[in-house]
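Novice: This is the structure I want to talk about, given as structure tokens.
The values are calculated or read from the model by the stated rules, or taken from the named source; none is laboratory data. Note that this is a predicted model, so its numbers are computed, not measured. Using ideal geometry, Cβ is built from the backbone for each residue, glycine included, and neighbour counts are taken over all protein chains shown.
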């Protein structure tokens with residue numbers, strides 16, 4: 001890849017460092033989209049021994065690129081994102097992917113198609129981890145940053161996505177236990 005093209009692409013991706021997500025960090029500041037994607041990729045790598053039959057390198061690539069569309073639209077929390085928002089994000093993202101050098105454009109198109117179809121175990125793992133990471137981050141943030149709807153949402157978010165894997169179901173239960181404890185602790189502190 002030409003150095004100037006690489007720089008152009010990196011400058012676009014850099015936007016995710018400044019794009020805030022709905023959630024806060026344990027330190028009290030808004031999490032960036034880039035931080036979410038980084039930890040999601042780290043989760044996938046650390047789970048390679050739990051899923052030896054999967055192409056974890058592909059899952060990591062999915063994790064790294066899954067929110068690149070938010071370079072163009074910003075982050076919209078899942079409970080506010082409409083079909084129209086998703087179509088706009090996908091359209092802008094794929095138009096940008098078309099500007100990438102051929103091998104990367106082809107690979108990214110194939111990954112996005114696989115992620116959208118949700119038919120492969122790799123796509124299912126990426127999606128489950130994406131949702132679990134969001135709940136884990138909420139558990140790490142101060143409960144005062146939670147919206148009222150998140151008390152219920154954080155208890156059920158990702159349940160469907162983890163259903164294909166006994167390990168992920170167990171991980172979801174551990175995350176749910178942390179959520180329940182956080183809610184109990186928050187209620188105790190309020191009284």
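Novice: Could you check how many residues of the stretch 31-47 are in contact (Cβ under 8 Å) with a residue 24 or more places away in the chain and crowded, with 18+ Cβ neighbours inside 10 Å?
Specialist: So the answer is 8.
Novice: Further question: Can you find a residue that is over 18 Å from the mean Cα position of the chain (by Cα) and farther than 30 Å from residue 4 by Cα anywhere in the stretch 97-112?
Specialist: No, because not a single residue in the stretch 97-112 is over 18 Å from the mean Cα position of the chain (by Cα) and farther than 30 Å from residue 4 by Cα.
Novice: Yes or no: residue 50 touching a helix residue (DSSP H, G or I) at 6+ places or on another chain (Cβ under 8 Å), under 27 Å from residue 172 (Cα atoms) and either free of Cβ contacts under 8 Å to residues at least 24 places away in the same chain or surrounded by fewer than 16 Cβ atoms within 10 Å (Cβ to Cβ) (or both)?
Specialist: Judged against the criteria, residue 50 is a match.
Novice: Go through the residues of the stretch 68-82 one by one and say whether even a single one is in contact (Cβ under 8 Å) with a residue 60 or more places away in the chain and either farther than 22 Å from residue 44 by Cβ or surrounded by 15 or more Cβ atoms within 10 Å (Cβ to Cβ) (or both).
Specialist: There is at least one residue in the stretch 68-82 that is in contact (Cβ under 8 Å) with a residue 60 or more places away in the chain and either farther than 22 Å from residue 44 by Cβ or surrounded by 15 or more Cβ atoms within 10 Å (Cβ to Cβ) (or both).
Novice: Please work out which one of (1) within 29 Å of residue 164 (Cα to Cα); (2) touching a helix residue (DSSP H, G or I) at 6+ places or on another chain (Cβ under 9 Å) is the condition residue 119 fails and give its number.
Specialist: Here residue 119 meets the rest and fails (2).
Novice: Note down all Cβ pairs under 6 Å where the first residue falls in the stretch 1-30 and is at negative phi and part of a helix (DSSP H, G or I), the second is at pLDDT 95 or above and exposed (fewer than 15 other Cβ atoms within 10 Å of the Cβ), and they're at least six residues apart or on different chains.
Specialist: Here the result reads none, with nothing in the stretch 1-30 linked to a residue that is at pLDDT 95 or above and exposed (fewer than 15 other Cβ atoms within 10 Å of the Cβ).
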